[in-house]
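Take this structure first; my questions come after.
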Amino acid sequence: MASGTDAGRCICAEVVRGVEDAAYAAGLEVMLCNSDLDPDRQMRYVRSLLQKNVEGIIMNSVANLSRKDIKHIEDSGVPVVLLNCSSKSSPFSTVCADNYRGGEYAARCFLKNGHRKLVHLTGPKSPNTAVNSASSTSSGKPAINTFINVFKFV
């Protein structure tokens, strides 16, 4: 099992830990590749992992895969799980957060604890960053609207 990702992101560390714990319990090892948000580096790692005959790839993709890359990975027969990637056209399994409901939960926690003035900060606009998570969700609703919807009843 292998993981391709940007290892510097906080949430990534938690995901990698969970993957490693589950793999260890199943008698597998995890190889971690840090793409450092570089799409070319990401695909270099994927090609290298496929050459090493890994049993699966869990990928926190930093860029949209080209049709050629998708075909190459598909043809390998290696199972792939994409994290935080909700493309309906992807042939790979995906695991995605429900950012809208997560935003609602966060807003309700803030309210419950007496907080009424919030600031929403995000990082650079690139695939799978907080900006994209904040700007759209699997339901197509802007996640920031969650805060507005919850707070307008206060």
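The values are calculated or read from the model by the stated rules, or taken from the named source; none is laboratory data. Not measured: the values here are computed from a predicted model. Methodologically, a virtual Cβ is constructed for each residue, glycine included, from the backbone with ideal geometry; neighbour enumeration extends over all protein chains shown.
Restricting to region 16-62, give me the number of residues that are in a helix (DSSP H, G or I), without any contact (Cβ under 8 Å) to a residue 40 or more places away in the chain and within 21 Å of residue 72 (Cβ to Cβ).
10
Report yes if some residue within region 44-51 is touching a Cys at 6+ places or on another chain (Cβ under 6 Å) and modelled with pLDDT under 80; otherwise report no.
no
Which condition does residue 17 not pass, out of (1) among the charged types (D, E, K, R); (2) touching a strand residue (DSSP E or B) at 6+ places or on another chain (Cβ under 9 Å); (3) modelled with pLDDT under 90, if it passes all the others?
Checking residue 17 against (1) among the charged types (D, E, K, R); (2) touching a strand residue (DSSP E or B) at 6+ places or on another chain (Cβ under 9 Å); (3) modelled with pLDDT under 90, the one that fails is (2).
Across region 79-92, which residue is modelled with the lowest pLDDT among those that are surrounded by fewer than 17 Cβ atoms within 10 Å (Cβ to Cβ) and of a type outside the set (Ser, Thr, Tyr)?
88
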